[in-house]
1. Among the residues of the stretch 156-192 satisfying the criterion of being touching a Leu at 6+ places or on another chain (Cβ under 6 Å) and not aliphatic (A, V, I, L, M), which is nearest to Lys262 (Cα to Cα)?
2. For the stretch 362-407, which residues satisfy the criterion of being of a type in the set (D, E, K, R), surrounded by fewer than 20 Cβ atoms within 10 Å (Cβ to Cβ) and under 27 Å from Trp332 (Cα atoms)?
3. Give the residues of the stretch 46-75 that are closer than 22 Å to Thr381 by Cβ and hydrophobic (A, V, I, L, M, F, W, C), sorted by residue number.
4. Give the residue, chosen from Glu392, Glu361, that is over 20 Å from Gly39 (Cα atoms) and either of a type in the set (Gly, Ala, Ser) or at pLDDT 95 or above (or both).
5. For the stretch 114-129, which positions are among the hydrophobic types (A, V, I, L, M, F, W, C), touching a strand residue (DSSP E or B) at 6+ places or on another chain (Cβ under 9 Å) and part of a helix (DSSP H, G or I)?
6. State yes or no: is Val147 out of contact with any Leu (no Cβ under 6 Å at 6 or more places or on another chain) and touching a residue at least 60 places away in the same chain (Cβ under 8 Å)?
7. Just to be sure before I move on: is Ile9 β-branched (Val, Ile, Thr) and not in a loop (DSSP other than H, G, I, E, B) in the structure I sent?
8. Of all residues in the stretch 39-69, which are surrounded by 18 or more Cβ atoms within 10 Å (Cβ to Cβ), among the aliphatic types (A, V, I, L, M) and either modelled with pLDDT of 80 or more or not in a loop (DSSP other than H, G, I, E, B) (or both)?
Amino acid sequence: MRFDIFCSITQAQPGGVLPAHQVVLRNFLEQARVADGLGFGTVWVAGSHFSSELQRAHRRPVIPHWRGEVGLNTDFCQLAGQVLARTERIEVGSAILNVVGQGGPLAAAERVAALLGWHGLDPDERRRIRVGFAGGRFDYISRLSGVVPRTGWEREFWPQVRAAVAAEAAEIFVRLLACETLTSDDVPEVELGPEHFGDPDAYRRAWKGGRSAGERIVVPRRWEFESVRVVPEIARPDLLELVLGSQDRTLQARLNRFRPVKVFNLSITPPAVIEATHAHLARVYHPAGGLWQRGYMPRTVFVFLQDQAGRSAEVNRAGARADAEARLAAYWRALEGTLDPARSASAAGNALIGTASDIAEQITERFHPQDRIMLWFDFFTQDGRQVCEQMESFMTRVVPLLPTTYRSLSA
C-alpha cells in the first residue's frame, strides 16, 4: 500500500484565532520535512487563488461563511521547488492545479514544463512531479481570471458550459505536456448530451438555444491559438505524472489517447463507484503507462488519531471521535452550500478515527492492499505540532499493526 499525505495549507479558525500566513506556510514546510523523514511517498498539496476572505463580499460569493483563506498555495510550481529543496526522498503533487484560471491551459502547461526543466537537470534525480489537474472547484477563481459566460445561453447553462471549458482546458494541457505542437483547431469542440443535464427539460431548452450536432450540443471553443509548444523541452518525461481530478469517464478515456493520465478519487466515494472506475481505467489507460494499477488512483481520507500513552483505549477513542466531529462540523459550516449534504454526512463514517489499532483495522476493512491513500492530517487545524505527531504515530504505531501486504511504502 502507498501512504501519502495531503496538505490543504488552509488558514482556518477552529480556535477562533487566525494565524498569520507565514505561520501556515512554515507549518506546511515542517510537515513536508517530517513526512519525508517518516517515509511517506508523496506530499499532495491543495491549490487555490486569490483571497477567499474578500470573495465573501462579492455579488455571488461561493463560500460566504469561510473565515480566513481557504488555501495559500497559489503557485504549485514554486511550492514544489521549495519542498524538493528541503527534502530527500518524498515526491510532490498538486491536488489540484487549476488549468482554467490563471492564464488557462497554455500558461499552466508552460509553468509545469519550466518546473520539469529545472528539476530534471540532475541526471540522478528520480523523484517525480505528480501534477493533479482539473478545472477548479470555486467558480469565483474562474470569474476573476476572466472565464465567464460569453452569451445569455452560456449564462443560463453555465454549470454545463463550465464543465465543457474544463474538459477543453484539460485536453490542451495534456497534449502540450505530451510534447505536441498544437493549434486550437486540433482540439475538437466539446459536445454536451442529455447525460450532462439532470433535467430533460433543461437539455431540450439548451439544445434548442445552442449550436447542435445531431443530438449533441456543441460548446464553442474558449481558447483560440496558432501553433504552439512548450519550452523548455521536457527532456525527462519520466519525472512527470499527470492525474486528472474529474470523474468524467469520457474525458478520462480521451486524455489517455495522448499520454498516461491517472485519476483522483475521494474516500467518501461509494465502493462500487471506486471499483467501476478501476475497471474503466484498466480498459482505457494509455499503453505507455503499462497495465493499470490500483495505486494509480490516489484517494483522500481524513485521519483523526489519538493514541496517547497513559490513557485507556476508550479515552483515546472518545477523544479522536470528538475531535473528528468538531472539525468536520466546523468545516461543513464554513463550506455551507458548496458540497452535497449527503456526501458531507458520510465523511465521518469514511474517515480513519480512533486509536492506532482502530485505524489499522479500518484500513484493512476499507482499502485494498494495493491502494494509494492521501492521509489528511492537517484537516481544519492550525496545530502544526499535533499534525506532525499524528504523522509519526501513524507510521510508527499504525503501520506496524497492518498485515505485511499493506506495508509497502514504494512509490
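The values are calculated or read from the model by the stated rules, or taken from the named source; none is laboratory data. These figures come from a predicted structure and were not determined experimentally. Glycine also receives a Cβ, built like all others from the backbone with ideal geometry; neighbour counts cover every protein chain displayed.
1. So, considering only residues that are touching a Leu at 6+ places or on another chain (Cβ under 6 Å) and not aliphatic (A, V, I, L, M), the one nearest to Lys262 (Cα to Cα) is Arg175.
2. Initially, the stretch 362-407 is screened for residues of a type in the set (D, E, K, R), giving 365-366, 371-372, 378, 383, 385, 389, 392, 397, 407.
Now restrict to residues that are surrounded by fewer than 20 Cβ atoms within 10 Å (Cβ to Cβ): 365-366, 383, 385, 389, 392, 397, 407.
If the condition is that a residue be of a type in the set (D, E, K, R), surrounded by fewer than 20 Cβ atoms within 10 Å (Cβ to Cβ) and under 27 Å from Trp332 (Cα atoms), then Glu365, Arg366, Asp383, Arg385, Glu389 are the ones that fit.
3. If the condition is that a residue be closer than 22 Å to Thr381 by Cβ and hydrophobic (A, V, I, L, M, F, W, C), then Ala46, Ile63, Trp66, Val70, Leu72 are the ones that fit.
4. Numbers: Glu392 fails: over 20 Å from Gly39 (Cα atoms).
Just one listed residue meets the conditions, Glu361.
5. Let us first name the residues in the stretch 114-129 that are among the hydrophobic types (A, V, I, L, M, F, W, C), namely 114-116, 118, 121, 129.
Next, only the ones that are touching a strand residue (DSSP E or B) at 6+ places or on another chain (Cβ under 9 Å) stay: 115-116, 129.
Matches in the stretch 114-129: Leu115, Leu116.
6. The answer is yes for Val147.
7. Details: β-branched (Val, Ile, Thr): yes; not in a loop (DSSP other than H, G, I, E, B): no.
So Ile9 does not fit the description; no.
8. Val43, Val45, Ala46
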